[in-house]
Amino acid sequence: MPRKRPYRPVSREGVLDPALESQLVVTDAPEETREEREERAVFERFKELDDLRAILVDERVRHFLWRMIARTGMFAETFTPNASVHSYNAGRASVGRMMWGEIEEASHDALLQMLSAGRAQRLEQSAEAQRGPIRSEPES
């Protein structure tokens, strides 16, 4: 396999720019084939998902990720007449959908656990809201 030619920074006139000469890069490493790049990408993706599976075992991590997803506004309407606010809301929701997708791909069971825990929490908050504030009886 032929050696890679170094990148030679030149000016518009075609003259080597001495200020950029330190950026010359020469490599003897053979170029990676397409199959090798694809295999490496698959391995890296597997490792990412394996790392996520390892931390999703912890209930505290699942609670934290659920709170972060909820704070992105993924479940809320993102539209507003103000274009800047709408863009901001849509970006936040996009991050939430990305997190949701990563968790779902890594461990569907962990996502289901997060959903049921989130539902239980919402039901508990709803019941507390219906009961109203706790009032203490005045002492005689």
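Ala76 meets the stated requirement of being surrounded by 11 or more Cβ atoms within 10 Å (Cβ to Cβ) and over 24 Å from Arg45 (Cβ atoms).
Just wondering, is there one or more residues in the stretch 77-98 that are hydrophobic (A, V, I, L, M, F, W, C) and touching a Leu at 6+ places or on another chain (Cβ under 9 Å)? No, the stretch 77-98 contains no residue that is hydrophobic (A, V, I, L, M, F, W, C) and touching a Leu at 6+ places or on another chain (Cβ under 9 Å).
Residue-by-condition table, conditions (1) in a helix (DSSP H, G or I); (2) acidic (Asp, Glu); (3) touching a residue at least 24 places away in the same chain (Cβ under 8 Å):
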position: Phe75; (1), (2), (3): no, no, no
position: Phe79; (1), (2), (3): no, no, no
position: His86; (1), (2), (3): yes, no, no
position: Gly96; (1), (2), (3): yes, no, yes
position: Gln113; (1), (2), (3): yes, no, yes
position: Ser116; (1), (2), (3): yes, no, no
position: Ala120; (1), (2), (3): yes, no, no
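So if I check each of Arg37, Arg62, which one is among the basic types (Lys, Arg) and modelled with pLDDT of 95 or more? When all the criteria are applied, what remains is Arg62. Applying a threshold of 6 Å to beta carbon distances and a minimum spacing of six or more residues, or different chains, the list of pairs starting in the stretch 36-51 at a residue that is within 17 Å of Ser107 (Cα to Cα) and ending at one that is surrounded by 10 or more Cβ atoms within 10 Å (Cβ to Cβ) and of a type in the set (A, V, I, L, M, F, W, C) reads Leu49/Ala106.
The values are calculated or read from the model by the stated rules, or taken from the named source; none is laboratory data. These numbers were taken from a predicted model, which means no experiment stands behind them. Glycine gets a Cβ as well: all are built from the backbone with ideal geometry, and neighbour counts include every protein chain shown.
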